[in-house]
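J.: Once you've had a glance at the structure underneath, I'll fire off some questions.
The values are calculated or read from the model by the stated rules, or taken from the named source; none is laboratory data. Owing to the predicted nature of the structure, the values given are computational and were not obtained by experimental measurement. In this analysis, Cβ positions are derived from the backbone assuming ideal geometry, glycine residues included, and neighbour counts consider all displayed protein chains. Calculation scope for accessible area: heavy atoms of the full protein, side chains included, ligands and nucleic acids excluded. Shrake-Rupley method; radii C 1.70, N 1.55, O 1.52, S 1.80 Å.
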Amino acid sequence: MRSRLGRPLALILFTLSLSSSSGARAEPDWSRFRGPNGSGISTATNVPIEFGPQKNLIWRLALPGGHSSPILLNDRIYLTAYRADTLVTIAIDRLKGTILWERSAPKVTTKVVDKRNNPASPSPAVEANGIYVFFPDYGLIAYDAAGKERWSMPLGPFNNIYGMGASPVIVGDLVILACDQSLNSYIMAVNKRTGRVQWKVDRPEAKSGHSTPIVWRGPDKKDQILVPGSFLLTSYDAATGRKLWWVGGLSFEMKSTPVIGGDTIYVNGYGAPVNDPGKKVNVPPADEVWKTIDADGNGTISKTEFPKYTAAFWFEVADLDGDTDPDLVLSAPGQIYLIGNQGDGMYTGFSIVELGGVIDIPLEPLAGQGGSGDPSPSAASSIAATDLDGDGDLDLALARRTGLGRERDPDRVADALIQQDR
């Protein structure tokens, strides 16, 4: 069978022991994306090191299109797919390779926003009598082991230019889902029995991403949710959603899932080829940029004015709200151009990115240009947006800050082009 993208799809099960085909029932389970706590590590033994169509094959089952990973629990395999534009959740007998049940999500219009993604990319999270699936074109749905719907929660529409990719995870009585997108990113916890929102926390710093959270138990023996986002790895209290701590140094668009080894958290990320060694873009000072590219002098950069020293694709990345005016532009490592067009602190998340070190600076010295005098309304609003805990100090900031460009309208952040460098 082939998907709409022309890819042959099948689920294939191989023997877990060269001497016994019944090894398919071997524990442990693989109940979420990337297995136990997202580690990607299984303790199963006697797995085959050689397999193929003619060797160690138990069964083969044709499937509809989808990018979700097979999730294993006891004698079941669960996955999501889309069949003729219908979003489906499928339960498969792990021993026989037969479909036990297939359930359709409420009818919605599905779309492939990026050829590397599709409407059934997130993987299910499962437990003894609960199967929880996330379809970005619809939302969250919970089933019991017999395939009976327990509850559903429409979400979205989302505005991630690549489509959504993070999978739900189960933490105690909660289903956790991270929804990072161009605007209005958040992480939420839903009661797994009732489908009611337990807590929901905005993630304004996250402007794209597909990372699935993991769980870490802190010194106080309480569970914390760890999720990477734009430039930051952030910890949330699993019970309340309160932001506990965060650390910088990550790339802009995070896709990977952290892993824990002992007392160390490992996380990796990759932004774009322009971040590779030797490919650093030479970004001119802000004043020079305005003189050379703001042809109509209106204080914003249109698509036709977008700098030619960077790929045109980055305009689409920068235009978070799709209004044809860029909201942020990323350039070389350690350098960020931020453009706000909304007058409401559009670049909140990027003002708090740690590139030059974690620092705690009073607002007043940085409020106005040059760090002295009466603060202009626009500068004050842009800086105040980074006061995460409301104590009057910046919580994370860049070590250098230069060039509050043309601020034609002092009541808006709209005309500010800020270059921030190490």
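J.: Restricting to the range 233-255, count the residues that are in contact (Cβ under 8 Å) with a residue 24 or more places away in the chain, in a strand (DSSP E or B) and within 21 Å of Tyr270 (Cα to Cα).
T.: Number satisfying all stated conditions: 6.
J.: Taking the residues in the range 122-176 that are buried (at least 24 other Cβ atoms within 10 Å of the Cβ) and hydroxyl-bearing (Ser, Thr, Tyr) as candidates, determine which candidate is nearest to Ile187 (Cα to Cα).
T.: Ser167
J.: Could you please find all residues in the range 186-234 being surrounded by fewer than 20 Cβ atoms within 10 Å (Cβ to Cβ), modelled with pLDDT of 95 or more and of a type in the set (Gly, Ala, Ser)?
T.: Across the range 186-234, the qualifying residue is only Gly195.
J.: Further question: Is it the case that the range 242-256 has a residue that's of a type outside the set (D, E, K, R), buried (at least 17 other Cβ atoms within 10 Å of the Cβ) and in contact with a helix residue (DSSP H, G or I) (Cβ under 6 Å, 6 or more places away or on another chain)?
T.: no
J.: Has the range 44-60 got at least one residue that is under 23 Å from Ala120 (Cβ atoms), part of a helix (DSSP H, G or I) and modelled with pLDDT of 90 or more?
T.: Within the range 44-60 (the criterion being under 23 Å from Ala120 (Cβ atoms), part of a helix (DSSP H, G or I) and modelled with pLDDT of 90 or more), the answer is no, since none of the residues qualifies.
J.: Looking only at the range 280-305, how many residues end up being open to solvent by 30 Å² or more (accessible area, probe 1.4 Å), at pLDDT 75 or above, not in a helix (DSSP H, G or I) and not polar (S, T, N, Q)?
T.: 3
J.: Now for a separate question. Keeping to the range 26-63, report how many residues are touching a strand residue (DSSP E or B) at 6+ places or on another chain (Cβ under 7 Å) and more than 30 Å from Trp216 (Cα to Cα).
T.: Number of matching residues: 10.
J.: Could you grab me the full set of residues in the range 217-232 that are closer than 18 Å to Val175 by Cα and part of a loop (DSSP other than H, G, I, E, B)?
T.: So the first thing to find is which residues in the range 217-232 are closer than 18 Å to Val175 by Cα, and the list is 217, 222-228.
Correct list: Lys222 only.
J.: For residues that are under 18 Å from Ser68 (Cβ atoms) and in contact (Cβ under 8 Å) with a residue 60 or more places away in the chain, tally how many sit in the range 134-161.
T.: 0
This table checks each residue for (1) surrounded by 22 or more Cβ atoms within 10 Å (Cβ to Cβ); (2) out of contact with any strand residue (DSSP E or B) (no Cβ under 9 Å at 6 or more places or on another chain).
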| site | (1), (2) |
| --- | --- |
| Gly65 | no, no |
| Ser68 | yes, no |
| Ile71 | yes, no |
| Asn74 | no, yes |
| Ala84 | no, yes |
| Asp93 | no, no |
| Lys96 | no, no |
| Ile99 | no, no |
| Glu102 | no, no |
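J.: Tell me whether the range 261-270 contains one or more residues that are open to solvent by less than 20 Å² (accessible area, probe 1.4 Å) and over 21 Å from Ser167 (Cβ atoms).
T.: Looking for residues that are open to solvent by less than 20 Å² (accessible area, probe 1.4 Å) and over 21 Å from Ser167 (Cβ atoms), one finds none in the range 261-270, hence no.
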